[in-house]
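**Student:** Quick one: this structure, given as structure tokens, is what I'll be asking you about.
Read-outs: derived from the displayed coordinates by stated rules, not from any lab. Every value quoted in this text rests on a predicted model; they were computed, and no experiment measured them. Cβ placement follows ideal geometry from the backbone for every residue including glycine, while neighbour counts extend to all protein chains displayed.
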Amino acid sequence: MSLSGATLRLLLVSSHEGCRDTLEEALASKIPGAFQLFWVSLPDVAEKRARELLPHIIFVDDDLSGASPSAIVRRLRQHVPNAACVVVVKEHNTAEAQRAVLEGARAFLVKPVNADDLMAAIQLILEQPTEQESSSSPSPLFAKGKALVFTAPKGGTGRTTLTVNTAISMHRIIDQTAAVVDADFYAPSVDIALNLHSDRTILDLLPRLSHLDENIVMSVMTPHASGVHALLSPPPQHHPQPIPLPQVQETIMGLKRVYPWNFIDLGINIDETTLAFLDSADAIIVNMLPELAALRNARLLLDLFYSRGYPKEKIFVVLNRWDMEGGIPAEDIEKRLHIKISFRIPDDQPLATYALNRGVPVCMSHPNSALAKSYRDFVRFLLKHCQLPPELKAVVEQEEEKRSLRERILTRFRRNEG
């Protein structure tokens with residue numbers, strides 16, 4: 001089990017607050033600030049809470065007002081198989097510890113919990129793969145997929161149009177299937193932009209996160225004629241409760257194991273779920289228009305990103321319709337935002353609106369337009385500025401070589417024709 005630098009999520013099932021305090025004190029003395037300890041006092045809600053939190057390790061107290069720790073371990077192993085269970089028992093209750101180990105517990109600790117013994121158990125668990133991790137072997141390319149979150153300071157900036165056209169262009173350039181995730185639960189529009197009709201949404205994925213694999217991911221994705229796969233949002237009237245950070249992290253990790261590139265269309269409402277997607281992103285694309293309201297809101301949005309510790313290298317500002325009549329000059333926008341504009345998309349609002357209303361992205365309906373060309377150029381920009389695994393880097397280099405060859409041939413052809 002590897003955390004890759006993430007915070008260690010722990011769940012304690014115990015009827016006694018003192019057990020939580022002892023465990024928290026021991027953890028704080030060894031790994032301060034590197035863990036989150038959650039506590040449930042009622043064994044009956046342990047499974048539900050574990051499915052919500054997707055903890056790395058679950059501690060089960062042997063004093064649970066008559067409930068059997070070994071039975072609880074058995075149920076937890078069924079519902080959250082990726083979580084390692086550890087029982088905490090009284091000194092003379094080793095028989096219960098043995099029963100829990102037979103039910104699938106990875107270790108047991110004797111009360112009062114010693115900080116050194118606790119860390120030894122945690123280290124052993126983290127060094128050994130879970131059953132699912134040891135039985136699956138994702139390819140090196142897919143295990144290192146990227147998650148790009150597209151956001152905007154206000155509505156109507158063309159964020160969804162940029163997301164889907166970038167995803168399709170990426171798929172065509174690197175010849176690998178890309179995923180488009182509709183994470184705008186208040187005003188979803190990826191299904192409209194791609195003219196997709198499916199009952200499968202991200203809500204079908206959440207209950208299965210604890211045993212997520214490629215088959216489960218593919219079962220909820222909706223394929224598009226372009227070759228990309230979409231993870232749709234439920235209709236606005238079925239807006240789900242906020243999805244906690246652990247579930248968003250597991251969703252993105254699952255997608256990264258299947259798709260080398262994941263394009264996430266994020267809503268403009270800042271809530272717990274929105275922040276969870278932003279925290280899990282490899283890159284954040286801020287799509288804005290050259291107008292005053294967008295400029296003011298973009299400044300506030302960037303301040304939020306910096307307050308959460310996002311580095312500037314992770315943020316890319318895309319100026320959509322940069323050459324629109326009456327728009328604020330790009331240089332003035334950069335001065336106000338204190339950040340360079342990473343890329344500019346030309347103004348062709350009639351074509352963009354036409355494509356959106358038809359449900360056929362511009363890069364498919366008008367591949368030779370200036371708009372479609374700018375999406376392809378944006379993909380090449382991303383490929384240059386995102387760290388790539390060696391396998392994908394080779395694919396990109398081959399594509400660039402073919403592109404350069406095509407340009408040389410076309411140039412010679414035009415000269416001969418002239």
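**Student:** So, by mean Cβ neighbours within 10 angstrom, what's the order for 309-318, 225-234 with the highest one leading?
**Tutor:** Working: 309-318: 15.4, 225-234: 20.7.
In descending order of packing, they fall as 225-234, 309-318.
**Student:** Turning to a different aspect of this structure: Return the subset of 154/384; 312/373; 154/335; 30/111; 30/314; 256/373 for which the Cα-Cα distance in this structure is over 24 Å, preserving the input order.
**Tutor:** 154/384; 312/373; 30/314; 256/373
**Student:** Just grab the label-to-label distance for residue 296 and residue 186, each label 7 Å out from Cα along the Cβ direction, in nm (one decimal).
**Tutor:** Using points 7 Å along Cα→Cβ, the separation is 1.7 nm.
**Student:** Could I ask something else about it? Over the alpha-carbon set of the chain, divide Rg by the Kirkwood Rh and report the Rg/Rh ratio to two decimals.
**Tutor:** Rg divided by Rh gives 1.05.
**Student:** Amide H to amide H under 5 Å from residue 35: which residues, 5+ apart in sequence or cross-chain, H placed 1.01 Å off N in plane?
**Tutor:** The answer is 8.
**Student:** By how many degrees, 0 to 90 and rounded to 10, does the Cα axis of helix 349-358 deviate from the longest principal axis of the chain?
**Tutor:** Its long axis makes an angle of about 60 degrees.
**Student:** Here's a follow-up. Using a 7 Å offset from the Cα along the Cα-to-Cβ direction at both residue 335 and residue 225, what is the distance between the two label points in nm, to one decimal?
**Tutor:** 4.8 nm
**Student:** Give the shape of the range 196-349 as rounded, prolate or oblate, defined through the alpha-carbon gyration tensor: a ≥ b ≥ c are the square roots of its eigenvalues, a/c under 1.5 means rounded, and otherwise the shape is prolate if a/b is larger than b/c and oblate if not.
**Tutor:** Note, shape of the range 196-349 comes out prolate.
**Student:** Long-range amide H contacts for residue 185: which residues qualify at under 5 Å (H placed 1.01 Å from N, peptide plane, sequence gap of 5 or more or a different chain)?
**Tutor:** Under 5 Å from the amide H of residue 185 lie the amide H atoms of 267, each far enough along the sequence or on another chain.
**Student:** R0 = 25 Å: FRET efficiency of residue 216 with residue 380, Cβ-based, nearest 0.05?
**Tutor:** So, using R0 = 25 Å, E works out to roughly 0.15.
**Student:** So what's the back-of-envelope 222 nm ellipticity for the chain, counting only DSSP H runs of four-plus at -39500 (n - 2.57) apiece and dividing by all residues, rounded to 500?
**Tutor:** Helix contribution divided over all residues of the chain: -14000 deg cm²/dmol.
**Student:** Please report the antiparallel percentage of DSSP beta bridges with both residues in the range 142-387, rounded to the nearest 5.
**Tutor:** Roughly 5 percent of the DSSP beta bridges within the range 142-387 come out antiparallel.
**Student:** Which cross-chain or sequence-distant (5 or more) residues have an amide H under 5 Å from the amide H of residue 178, H modelled 1.01 Å from N in plane?
**Tutor:** Correct list: 229.
**Student:** Which aspartates and glutamates does residue 340 reach when only Cα atoms under 16 Å apart count, and residues fewer than 8 places away in its own chain are ignored?
**Tutor:** Output for residue 340: 303, 313, 331, 332.
**Student:** Next up: Could you order peptides 251-260, 204-213 by the average number of other Cβ atoms within 10 Å of their residues, highest first?
**Tutor:** Values: 251-260: 22.1, 204-213: 16.6.
Result, highest mean Cβ count within 10 Å first: 251-260, 204-213.
**Student:** Taking 0.36 nm per residue of separation and subtracting the Cα-Cα distance, what length does fully extending residue 21 through residue 71 add? All intermediate terms of the calculation are to be shown ahead of the outcome.
**Tutor:** Values: separation 50, 0.36 × 50 = 18.00 nm, distance 2.44 nm.
Net length gain for the segment: 15.6 nm.
**Student:** Going by the alpha-carbon gyration tensor, a ≥ b ≥ c the square roots of its eigenvalues, is the range 8-135 rounded (a/c under 1.5) or, if a/c is not under 1.5, prolate (a/b greater than b/c) versus oblate?
**Tutor:** rounded
**Student:** Also, I was wondering about something else. Relative to the present Cα-Cα distance, how much length would full extension add between residue 200 and residue 91 at 0.36 nm per residue of separation?
**Tutor:** Values: separation 109, 0.36 × 109 = 39.24 nm, distance 5.02 nm.
The span from residue 200 to residue 91 would gain 34.2 nm if fully extended.
**Student:** Treat the count of other C-beta atoms within 10 Å as a stand-in for reagent exposure and order 29, 374, 307 from fewest to most.
**Tutor:** With the sparsest Cβ surroundings first, the list reads 307, 29, 374.
**Student:** Label residue 269 and residue 110 with points 7 Å out from Cα along Cα→Cβ: what is the distance between them in nm?
**Tutor:** Simple spin-label model gives 5.4 nm for this pair.
**Student:** Let a ≥ b ≥ c be the square roots of the eigenvalues of the Cα gyration tensor of the range 1-81; is it rounded (a/c under 1.5), or, if not, prolate (a/b larger than b/c) or oblate?
**Tutor:** Since a/c reaches 1.5 but b/c is at least a/b, the shape of the range 1-81 is classed as oblate.
**Student:** A follow-up question, please. Grab the other residues whose beta carbon is less than 12 angstrom from that of residue 192, score K and R as +1, D and E as -1, and report the net.
**Tutor:** Once all neighbours under 12 Å are counted, the net charge is -3.
**Student:** Based on DSSP, what percent of beta bridges with both residues in the chain are antiparallel, to the nearest 5?
**Tutor:** Just about 5 percent of them are antiparallel.
**Student:** Looking at the range 8-135 only, what percent of DSSP beta bridges run antiparallel? Nearest 5 please.
**Tutor:** On the way: 0 of 19 bridges.
Taking every DSSP beta bridge with both residues in the range 8-135, the antiparallel ones total about 0 percent.
**Student:** Could the peptides 276-283, 36-43 be put in order, highest first, of the mean number of other beta-carbon atoms found within 10 Å of their residues?
**Tutor:** Descending mean neighbour count gives 276-283, 36-43.
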